[in-house]
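K.L.:
My structure is below; once you've seen it, I'll send some questions.
Computed from the coordinates by the stated procedures, all read-outs in this text should not be read as laboratory data. Just so it is clear, the model here is predicted, and its values are computed rather than measured. A quick note on method: Cβ atoms are made from the backbone with ideal geometry, for glycine too, and the neighbour counts reach across all protein chains shown.
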Amino acid sequence: MTLEILTPEKKLYSGEVYGVQLPGISGLFEVLDKHAPLVSALGKGRVKVLKDKNNFVHYSINGGFVEVLNNKATVLVEGAEAID
Amino acid sequence: MAGQLKEVRNRIKSIQSTQQITKAMKMVSAAKLRRAQDAIVQMRPYAQKLQEMLSNIVSNVEGDLNIKLAETRPVEKVLFIVITSDRGLAGAYNSNVIKTVKAAIASEYNTQFAKGNVTIWNIGKKGWESMTKSGYKTEDTYKDIFLDLKFEKVQAAAQAAMKGFENNQFDAVYIVYSEFKNAATQQFKAEQFLPIPKVAKVEGAKKADFIFEPEKETLIAELMPKILNTQLYKAVLDANASEHGARMTAMDKASENANELLKALKISYNRARQAAITTELTEIVSGAAALQG
């Protein structure tokens, strides 16, 4: 699936990924390939981008939204930063 | 004669150094303009997606929405958020923004203004100085935004405005800024910020069977402030690009004018020099003639 992480200041991430873990308002959840269409609000926490099964990057966010449609996840966040 | 020569030479020197400054300022503005334009381009996907998300949700909702931030009530108290620059020497940029504010107040909110119910918040120092001097009620200022343009700082202003609207402190909020067209042209406008104009349901929007988490109404209530934040941020970015564009054009004109002045001065300098030489020659020749005679 394709993942895009957008902030008002720049495009943070864009590319093919295995899956992504997101801090939803009511709890952590994961979006994998061929997920059903979804719109969700995100809370403060960490976004974990799984490039493949063992390879991942973390971003800390202050909240935002995610939309999943046609195997494409778009994450809109404010105050996002990459953490190692 | 020699005194005049020196005077002209000094003027030429001073104009040359002024020109150097204006040229440098133009160059700096050009570089900053490029960066400001970049920021606008960078923000666009985010703003578009946000808007798209909203219309997706709205199209999936049956019936009317009840959003606090979209509530229209009789306008008693008005807030203007005025975006100007922190620095001058940008041609008519700042005065045009201020003119737009004054015109908007005079044409639509004269009665409210007479009652002292028009409040002005300033982003940018120049607007604050000018509006305060002309006796408008200027309250909060966000003077340092342009020093280090960050989304978070702009967001604070937007949130303060939303809070004021929700607490019935203001019944309408406008942003006055200059929209960036290109380096030479700006469009000055007063844009309605609150209440939010009605969101139209888009026909043929993605009617996918979305899972909404949390439910739609809450989502919309969460989404609205974000959209407003982005709207103000976009206005600030536009204003920033306009400022640099205006300064660039102004400085370009100034350099050109300096060039013209220099040309005229050089001609009068050469004339004065030639006149001095001619007088000197005549003096020598007539002196020699007197000796021979």
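K.L.:
I want the local charge near A:Phe56. Using Cβ-Cβ distances under 13 Å, sum +1 for each Lys or Arg and -1 for each Asp or Glu among the other residues. Don't skip to the end; give the middle numbers.
P.N.:
Numbers: positive: A:Arg46, A:Lys48, A:Lys51, A:Lys53; negative: A:Glu30, A:Asp52, A:Asp84.
The answer is +1.
K.L.:
In segment A:1-23, whose amide N lies under 13 Å from the spot 7 Å out along Cα-to-Cβ of B:Lys150? List them in ranges.
P.N.:
None, by backbone N distance to the label point.
K.L.:
Report the FRET efficiency, 1/(1 + (r/R0)^6), for B:Arg44 and A:Thr2, where r is their Cβ-Cβ distance and R0 is 22 Å, rounded to 0.05.
P.N.:
Values: r = 19 Å, r/R0 = 0.86.
Efficiency, rounded to the nearest 0.05: 0.70.
K.L.:
Based only on other Cβ atoms within 10 Å, what is the fewest-to-most ordering of A:His35, B:His244? Show your work: numbers first, answer last.
P.N.:
Working: A:His35 18, B:His244 25.
Final ranking by Cβ density, sparse to dense: A:His35, B:His244.
K.L.:
Quick check on the exposure proxy: order B:Ile40, B:Ile83, B:Ile211, A:Ile61 from fewest to most C-beta atoms within 10 angstrom.
P.N.:
Details: B:Ile40 15, B:Ile83 27, B:Ile211 12, A:Ile61 23.
Fewest to most other Cβ atoms nearby, the residues stand as B:Ile211, B:Ile40, A:Ile61, B:Ile83.
K.L.:
Kindly express, to the nearest 10 degrees and within the range 0 to 90, the angle between helix B:151-166's C-alpha long axis and the longest C-alpha principal axis of chain B.
P.N.:
50 degrees
K.L.:
Can you sort B:Met27, B:Met248, A:Met1 from fewest to most other Cβ atoms within 10 Å of each residue's own Cβ? Let's see the in-between values first.
P.N.:
Numbers: B:Met27 12, B:Met248 23, A:Met1 17.
By the 10 Å Cβ count, ascending: B:Met27, A:Met1, B:Met248.
K.L.:
7 Å from Cα along Cα→Cβ at both B:Lys102 and B:Ile15: what's the point-to-point distance in nm?
P.N.:
Modelled inter-label distance: 3.3 nm.
K.L.:
While we're on this one: How large is the charge dipole for chain B, taken about the Cα centre, if only the Cβ atoms of Lys, Arg (+1) and Asp, Glu (-1) carry charge, to the nearest 20 debye? Intermediate results must be reported in sequence, preceding the final value.
P.N.:
Values: 41 positive and 32 negative charges, 280 e Å.
Roughly 1340 debye for chain B.
K.L.:
Moving on. Among bridges DSSP assigns within the protein assembly as shown, what percent are antiparallel (round to 5)? Walk me through the numbers before you get to the answer.
P.N.:
On the way: 43 of 67 bridges.
Restricted to the protein assembly as shown, the bridges split so that about 65 percent are antiparallel.
K.L.:
Roughly speaking, what is the centre-to-centre gap between segment B:102-152 and segment B:66-99 when only Cα atoms are used, to the nearest Å?
P.N.:
7 Å
K.L.:
Percent antiparallel among DSSP beta bridges with both residues in chain B, to the nearest 5?
P.N.:
Antiparallel bridges make up about 35 percent of those DSSP assigns within chain B.
K.L.:
Calculate, in nm to one decimal, what B:Gln187 and B:Glu129 gain on full extension: separation in residues at 0.36 nm each, minus their alpha carbon distance. Show your work: numbers first, answer last.
P.N.:
Working: separation 58, 0.36 × 58 = 20.88 nm, distance 2.21 nm.
Using 0.36 nm per residue and subtracting the Cα-Cα distance, I get 18.7 nm.
K.L.:
Only helical DSSP H runs with n ≥ 4 go in: add -39500 (n - 2.57) per run for the protein assembly as shown, normalise by residue count and round the 222 nm mean residue ellipticity to 500 deg cm²/dmol. Write down the numbers at each step before the final one.
P.N.:
Numbers: 6 runs with 182 residues, N = 377.
-17500 deg cm²/dmol, from helical runs alone.
K.L.:
What's the FRET efficiency of B:Lys198 with A:Ile25 using the Cβ-Cβ distance as r and R₀ = 30 Å, to the nearest 0.05? Kindly include the intermediate steps, with their values, before the conclusion.
P.N.:
On the way: r = 26 Å, r/R0 = 0.88.
Given R0 = 30 Å and the Cβ-Cβ separation, E is 0.70.
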